[in-house]
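Read through the structure below, which is laid out as structure tokens, and then see the notes.
Taken together, the values in this text are just the output of simple stated rules run on the coordinates, not laboratory data. Quick caveat: nothing in here was measured; it's all calculated off a predicted structure. Quick reminder, even Gly has a Cβ in these numbers, built from the backbone with ideal geometry, and neighbours come from all protein chains shown.
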């Protein structure tokens, strides 16, 4: 597990390029921004077994 502050688009692109399926899940216990988006998200990056 890694803790980093990054742009989601950059992270998604890099992981996708490396062959991962990427999903983001909000962590509501850390609160919400004024625009309704979560302050913190958990990244799920999985790769199929082949």
Tell me the relative contact order for the chain as a rounded percent, counting alpha carbon contacts under 8 Å between residues six or more apart.
33
With -39,500 (n - 2.57) per DSSP H segment of 4 or more residues and division by the full residue count of the chain, the 222 nm estimate, nearest 500 deg cm²/dmol, is -6000 deg cm²/dmol
What ranking do 15-25, 31-41 get when scored by the average of other Cβ atoms within 10 Å per residue, highest first?
15-25, 31-41
Got a sec? Which residues in segment 27-50 would a label at residue 18 touch, if it sits 7 Å along Cα→Cβ and we count backbone N under 15 Å?
43-48
The helix 8-17 Cα axis meets the longest alpha-carbon principal axis of the chain at an angle in degrees, between 0 and 90 and rounded to 10, of 10
